[in-house]
Amino acid sequence: STIVQRFVLFMEDLFRLVEATPPIKQPMRFGNKAYRTWHENLPSHIHAFLQDILAPSHLDAEIELSPYLADMFGNATRIDYGTGHELNFALFFICLHKLGLIEERDLSAVVSKGFVAYIKTMRKLQLDYMLEPAGSHGVWGLDDYHCLLFFWGSAQLSKQSEIRPSSIHDSETLKEFADDFIYLEGIRFIKQIKLGAPFAETSPMLNDISNIPEWARICSGLMRLFQGEVLGKLPVIQHVVFGSLLPCTWKDPS
(Lines give C-alpha, C1' and ligand atoms only; values in the text may rest on other atoms or scores of the structure.)
Protein backbone atom coordinates (compact mmCIF):
# COMPACT_ATOMS: atom_id res chain seq x y z
CA SER A 1 0.00 0.00 0.00
CA THR A 2 1.26 3.45 -0.96
CA ILE A 3 -0.34 4.90 2.17
CA VAL A 4 1.58 2.48 4.43
CA GLN A 5 4.82 3.29 2.59
CA ARG A 6 4.22 7.00 3.12
CA PHE A 7 3.42 6.38 6.78
CA VAL A 8 6.76 4.57 7.16
CA LEU A 9 8.51 7.61 5.65
CA PHE A 10 6.56 9.84 8.06
CA MET A 11 7.83 7.76 11.00
CA GLU A 12 11.39 8.09 9.69
CA ASP A 13 10.85 11.86 9.48
CA LEU A 14 9.74 11.98 13.12
CA PHE A 15 12.68 9.76 14.14
CA ARG A 16 15.05 12.31 12.58
CA LEU A 17 13.19 15.07 14.41
CA VAL A 18 14.09 13.35 17.72
CA GLU A 19 17.73 13.27 16.63
CA ALA A 20 17.50 17.01 15.88
CA THR A 21 15.98 17.67 19.32
CA PRO A 22 18.43 16.10 21.81
CA PRO A 23 17.54 15.63 25.49
CA ILE A 24 18.45 18.49 27.80
CA LYS A 25 20.41 18.17 31.04
CA GLN A 26 18.01 18.21 33.98
CA PRO A 27 17.97 16.89 37.57
CA MET A 28 15.03 14.49 36.97
CA ARG A 29 15.83 11.21 35.27
CA PHE A 30 12.36 10.70 33.77
CA GLY A 31 10.36 13.08 31.62
CA ASN A 32 13.00 15.01 29.70
CA LYS A 33 11.53 18.41 28.82
CA ALA A 34 13.10 18.41 25.35
CA TYR A 35 10.18 16.10 24.48
CA ARG A 36 7.87 19.13 24.71
CA THR A 37 9.97 20.92 22.09
CA TRP A 38 9.76 17.83 19.85
CA HIS A 39 5.99 17.71 20.39
CA GLU A 40 5.61 21.41 19.51
CA ASN A 41 7.06 20.65 16.09
CA LEU A 42 4.72 17.69 15.54
CA PRO A 43 1.64 19.54 14.12
CA SER A 44 3.48 20.92 11.09
CA HIS A 45 4.82 17.45 10.25
CA ILE A 46 1.34 15.93 10.68
CA HIS A 47 -0.15 18.57 8.39
CA ALA A 48 2.45 17.90 5.69
CA PHE A 49 1.91 14.12 5.93
CA LEU A 50 -1.89 14.37 5.68
CA GLN A 51 -1.69 16.82 2.79
CA ASP A 52 0.51 14.23 1.07
CA ILE A 53 -1.80 11.24 1.51
CA LEU A 54 -5.27 12.83 1.24
CA ALA A 55 -6.88 13.40 -2.15
CA PRO A 56 -8.51 16.82 -2.68
CA SER A 57 -11.91 15.24 -2.06
CA HIS A 58 -10.72 14.00 1.37
CA LEU A 59 -8.85 17.09 2.62
CA ASP A 60 -11.71 17.91 4.99
CA ALA A 61 -10.81 14.72 6.91
CA GLU A 62 -7.57 16.30 8.19
CA ILE A 63 -9.39 17.91 11.11
CA GLU A 64 -10.53 14.46 12.29
CA LEU A 65 -7.35 12.54 11.50
CA SER A 66 -4.87 14.98 13.08
CA PRO A 67 -5.79 14.30 16.75
CA TYR A 68 -5.10 10.56 16.39
CA LEU A 69 -1.63 11.29 15.01
CA ALA A 70 -0.95 13.99 17.61
CA ASP A 71 -1.94 11.66 20.49
CA MET A 72 -0.11 8.64 19.10
CA PHE A 73 3.23 9.63 20.58
CA GLY A 74 2.35 10.47 24.18
CA ASN A 75 1.27 13.46 26.24
CA ALA A 76 3.44 16.61 26.13
CA THR A 77 2.15 17.99 29.44
CA ARG A 78 2.83 14.86 31.48
CA ILE A 79 5.71 13.66 29.26
CA ASP A 80 4.27 10.14 29.38
CA TYR A 81 3.13 7.37 27.06
CA GLY A 82 0.90 4.34 27.48
CA THR A 83 -1.60 1.95 25.91
CA GLY A 84 -4.13 4.75 25.30
CA HIS A 85 -1.60 6.56 23.12
CA GLU A 86 -0.73 3.33 21.32
CA LEU A 87 -4.47 2.84 20.65
CA ASN A 88 -4.43 5.94 18.42
CA PHE A 89 -2.32 4.06 15.87
CA ALA A 90 -5.19 1.61 15.34
CA LEU A 91 -7.83 4.38 15.37
CA PHE A 92 -5.94 6.35 12.70
CA PHE A 93 -5.82 3.38 10.33
CA ILE A 94 -9.46 2.49 11.05
CA CYS A 95 -10.34 6.00 9.87
CA LEU A 96 -8.19 5.60 6.75
CA HIS A 97 -10.00 2.32 6.06
CA LYS A 98 -13.36 4.10 6.39
CA LEU A 99 -12.17 6.72 3.92
CA GLY A 100 -11.28 3.94 1.47
CA LEU A 101 -7.57 4.77 1.60
CA ILE A 102 -6.67 1.43 3.22
CA GLU A 103 -8.18 -1.80 1.89
CA GLU A 104 -8.50 -5.13 3.65
CA ARG A 105 -5.57 -6.53 1.71
CA ASP A 106 -3.39 -3.74 3.19
CA LEU A 107 -4.09 -4.59 6.84
CA SER A 108 -1.20 -7.04 7.17
CA ALA A 109 1.24 -4.36 5.94
CA VAL A 110 -0.30 -1.83 8.35
CA VAL A 111 1.09 -3.95 11.20
CA SER A 112 4.16 -5.60 9.63
CA LYS A 113 5.43 -2.34 8.07
CA GLY A 114 3.54 0.63 9.53
CA PHE A 115 3.35 -0.49 13.17
CA VAL A 116 6.96 -1.70 13.11
CA ALA A 117 8.11 1.75 11.89
CA TYR A 118 5.92 3.40 14.54
CA ILE A 119 7.46 1.26 17.31
CA LYS A 120 10.95 2.12 16.10
CA THR A 121 10.15 5.83 16.47
CA MET A 122 8.44 5.23 19.83
CA ARG A 123 11.52 3.42 21.17
CA LYS A 124 13.61 6.47 20.22
CA LEU A 125 11.16 8.74 22.07
CA GLN A 126 10.87 6.44 25.10
CA LEU A 127 14.64 6.12 25.50
CA ASP A 128 15.85 9.61 24.57
CA TYR A 129 13.21 11.48 26.56
CA MET A 130 12.65 8.82 29.25
CA LEU A 131 8.87 8.99 28.88
CA GLU A 132 6.93 8.09 32.03
CA PRO A 133 4.61 5.08 31.68
CA ALA A 134 1.04 6.45 31.54
CA GLY A 135 -1.39 4.70 33.87
CA SER A 136 1.00 1.80 34.36
CA HIS A 137 0.09 -0.98 36.76
CA GLY A 138 3.78 -1.39 37.54
CA VAL A 139 5.04 -4.96 37.56
CA TRP A 140 1.46 -6.29 37.68
CA GLY A 141 0.56 -4.89 34.26
CA LEU A 142 1.42 -6.49 30.95
CA ASP A 143 3.97 -3.82 30.01
CA ASP A 144 4.83 -0.23 30.94
CA TYR A 145 3.97 1.11 27.49
CA HIS A 146 2.30 -1.37 25.14
CA CYS A 147 -0.56 -3.82 24.73
CA LEU A 148 -1.28 -3.89 20.98
CA LEU A 149 2.38 -4.74 20.35
CA PHE A 150 2.01 -8.03 22.24
CA PHE A 151 -1.50 -8.77 20.92
CA TRP A 152 -0.49 -8.31 17.28
CA GLY A 153 2.91 -9.82 17.99
CA SER A 154 1.37 -13.05 19.29
CA ALA A 155 -0.86 -13.19 16.19
CA GLN A 156 2.24 -12.88 14.01
CA LEU A 157 3.99 -15.70 15.90
CA SER A 158 0.93 -17.96 15.68
CA LYS A 159 1.68 -18.30 11.94
CA GLN A 160 4.92 -20.20 12.63
CA SER A 161 5.99 -23.17 14.77
CA GLU A 162 9.74 -22.76 15.24
CA ILE A 163 9.60 -20.15 18.03
CA ARG A 164 7.65 -21.29 21.07
CA PRO A 165 6.25 -19.00 23.81
CA SER A 166 8.94 -20.23 26.21
CA SER A 167 11.59 -19.10 23.69
CA ILE A 168 11.37 -15.53 25.05
CA HIS A 169 13.77 -16.66 27.79
CA ASP A 170 16.43 -17.69 25.28
CA SER A 171 18.82 -14.81 24.56
CA GLU A 172 19.95 -16.34 21.24
CA THR A 173 16.34 -16.48 19.99
CA LEU A 174 15.83 -12.82 20.90
CA LYS A 175 19.11 -11.86 19.24
CA GLU A 176 18.24 -13.68 16.02
CA PHE A 177 14.52 -12.99 15.67
CA ALA A 178 13.61 -9.79 17.59
CA ASP A 179 13.94 -7.68 14.44
CA ASP A 180 11.48 -9.97 12.61
CA PHE A 181 8.80 -10.51 15.28
CA ILE A 182 7.33 -7.57 17.19
CA TYR A 183 6.46 -9.65 20.28
CA LEU A 184 10.12 -10.59 20.63
CA GLU A 185 11.14 -6.94 20.07
CA GLY A 186 8.92 -6.05 23.03
CA ILE A 187 10.57 -8.68 25.23
CA ARG A 188 14.05 -7.60 24.15
CA PHE A 189 13.26 -3.97 24.96
CA ILE A 190 12.08 -4.84 28.48
CA LYS A 191 15.21 -6.88 29.12
CA GLN A 192 17.41 -4.06 27.85
CA ILE A 193 15.87 -1.28 29.96
CA LYS A 194 15.51 -3.46 33.06
CA LEU A 195 18.91 -5.07 32.72
CA GLY A 196 20.03 -7.11 35.69
CA ALA A 197 16.57 -7.60 37.21
CA PRO A 198 14.96 -11.06 36.88
CA PHE A 199 12.34 -11.06 34.10
CA ALA A 200 9.89 -12.94 36.35
CA GLU A 201 10.04 -9.99 38.77
CA THR A 202 9.92 -7.10 36.28
CA SER A 203 7.29 -8.67 34.00
CA PRO A 204 5.39 -11.38 35.90
CA MET A 205 2.42 -11.39 33.50
CA LEU A 206 4.55 -11.84 30.37
CA ASN A 207 6.59 -14.41 32.27
CA ASP A 208 3.44 -16.39 33.14
CA ILE A 209 2.18 -16.13 29.56
CA SER A 210 5.38 -17.81 28.35
CA ASN A 211 4.18 -21.02 30.03
CA ILE A 212 1.18 -21.27 27.66
CA PRO A 213 2.15 -23.71 24.88
CA GLU A 214 0.32 -22.17 21.87
CA TRP A 215 0.63 -18.66 20.46
CA ALA A 216 -2.99 -18.77 19.26
CA ARG A 217 -4.20 -19.18 22.86
CA ILE A 218 -1.95 -16.33 23.95
CA CYS A 219 -3.34 -14.16 21.15
CA SER A 220 -6.98 -14.76 22.15
CA GLY A 221 -6.11 -14.04 25.79
CA LEU A 222 -4.34 -10.80 24.88
CA MET A 223 -7.31 -9.74 22.76
CA ARG A 224 -9.53 -10.08 25.86
CA LEU A 225 -6.93 -8.16 27.88
CA PHE A 226 -6.89 -5.37 25.28
CA GLN A 227 -10.68 -5.20 25.28
CA GLY A 228 -10.87 -5.14 29.07
CA GLU A 229 -7.85 -3.06 30.07
CA VAL A 230 -7.71 -0.59 27.17
CA LEU A 231 -11.06 -0.35 25.36
CA GLY A 232 -13.02 -1.08 28.53
CA LYS A 233 -11.30 1.44 30.81
CA LEU A 234 -12.77 4.95 31.16
CA PRO A 235 -9.40 6.57 32.08
CA VAL A 236 -8.16 5.44 28.64
CA ILE A 237 -11.25 5.92 26.47
CA GLN A 238 -12.15 9.34 27.88
CA HIS A 239 -9.24 10.78 25.88
CA VAL A 240 -10.40 9.34 22.52
CA VAL A 241 -11.96 11.86 20.14
CA PHE A 242 -15.07 10.98 18.12
CA GLY A 243 -16.43 12.48 14.91
CA SER A 244 -18.00 11.48 11.61
CA LEU A 245 -15.33 8.85 10.86
CA LEU A 246 -15.39 7.36 14.34
CA PRO A 247 -18.83 8.26 15.71
CA CYS A 248 -19.94 7.68 19.28
CA THR A 249 -22.84 5.26 19.07
CA TRP A 250 -23.82 4.90 22.71
CA LYS A 251 -26.81 6.59 24.32
CA ASP A 252 -26.60 9.00 27.23
CA PRO A 253 -27.45 6.84 30.30
CA SER A 254 -29.38 9.75 31.82
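Some values worked out for this structure:
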| read-out | value |
| --- | --- |
| Some residue of segment 59-73 being in contact with a helix residue (DSSP H, G or I) (Cβ under 9 Å, 6 or more places away or on another chain) and over 26 Å from residue 237 (Cβ atoms) | yes |
| Residue identified as modelled with pLDDT of 95 or more, under 30 Å from residue 22 (Cα atoms), touching a Leu at 6+ places or on another chain (Cβ under 9 Å) and among the β-branched types (Val, Ile, Thr) among 190, 168, 163 | 190 |
| Residue match in segment 55-68 (condition: open to solvent by less than 60 Å² (accessible area, probe 1.4 Å) and touching a Pro at 6+ places or on another chain (Cβ under 9 Å)) | yes |
| Total residues in segment 151-184, condition more than 22 Å from residue 228 (Cβ to Cβ) and not in a helix (DSSP H, G or I) | 11 |
| Residues being within 15 Å of residue 143 (Cα to Cα) and assigned to a loop (DSSP other than H, G, I, E, B) - total across segment 202-218 | 2 |
| Flag if residue 5 is surrounded by fewer than 11 Cβ atoms within 10 Å (Cβ to Cβ), modelled with pLDDT of 95 or more and either in a helix (DSSP H, G or I) or of a type outside the set (Val, Ile, Thr) (or both) | no |
| Residues (in contact (Cβ under 8 Å) with a residue 24 or more places away in the chain and open to solvent by 60 Å² or more (accessible area, probe 1.4 Å)) located in segment 242-254 | 244 |
| In segment 219-244, the residues that are in a loop (DSSP other than H, G, I, E, B), of a type outside the set (Lys, Arg) and more than 30 Å from residue 60 (Cβ to Cβ) | 232 |
| Residue match in segment 174-182 (condition: under 12 Å from the mean Cα position of the chain (by Cα) and either free of Cβ contacts under 8 Å to residues at least 12 places away in the same chain or crowded, with 20+ Cβ neighbours inside 10 Å (or both)) | yes |
| Test: residue in segment 29-37 that is assigned to a loop (DSSP other than H, G, I, E, B), small (Gly, Ala, Ser), open to solvent by less than 60 Å² (accessible area, probe 1.4 Å) and touching a residue at least 12 places away in the same chain (Cβ under 8 Å) | yes |
| Qualifying positions in segment 95-140 - within 17 Å of the chain's Cα centre (by Cα), of a type in the set (A, V, I, L, M), assigned to a loop (DSSP other than H, G, I, E, B) and at pLDDT 95 or above | 130, 131 |
| Evaluation of residue 73 against (1) surrounded by 22 or more Cβ atoms within 10 Å (Cβ to Cβ); (2) part of a helix (DSSP H, G or I) (one fails), failing number | (2) |
| Those residues of segment 14-32 which are closer than 17 Å to residue 71 by Cα, out of contact with any strand residue (DSSP E or B) (no Cβ under 8 Å at 6 or more places or on another chain) and of a type outside the set (Val, Ile, Thr), in sequence order | 14, 15, 17 |
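Residues checked against (1) open to solvent by less than 10 Å² (accessible area, probe 1.4 Å); (2) within 21 Å of the chain's Cα centre (by Cα); (3) modelled with pLDDT under 95; (4) over 24 Å from residue 109 (Cβ atoms):
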{"position": "11", "(1), (2), (3), (4)": "yes, yes, no, no"}
{"position": "20", "(1), (2), (3), (4)": "no, no, no, yes"}
{"position": "24", "(1), (2), (3), (4)": "no, no, no, yes"}
{"position": "45", "(1), (2), (3), (4)": "no, yes, no, no"}
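Yes/no per residue for (1) in contact with a Gly (Cβ under 9 Å, 6 or more places away or on another chain); (2) within 21 Å of residue 226 (Cβ to Cβ):
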site: 55; (1), (2): no, no
site: 82; (1), (2): yes, yes
site: 92; (1), (2): no, yes
site: 97; (1), (2): no, yes
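The values are calculated or read from the model by the stated rules, or taken from the named source; none is laboratory data. All of these numbers come straight from a predicted model, not from anything done at the bench. Virtual Cβ from ideal backbone geometry, glycine too; neighbours counted across all protein chains shown. Remember, those area values only see protein heavy atoms, side chains included, never the ligands or the DNA or RNA. Shrake-Rupley method; radii C 1.70, N 1.55, O 1.52, S 1.80 Å.
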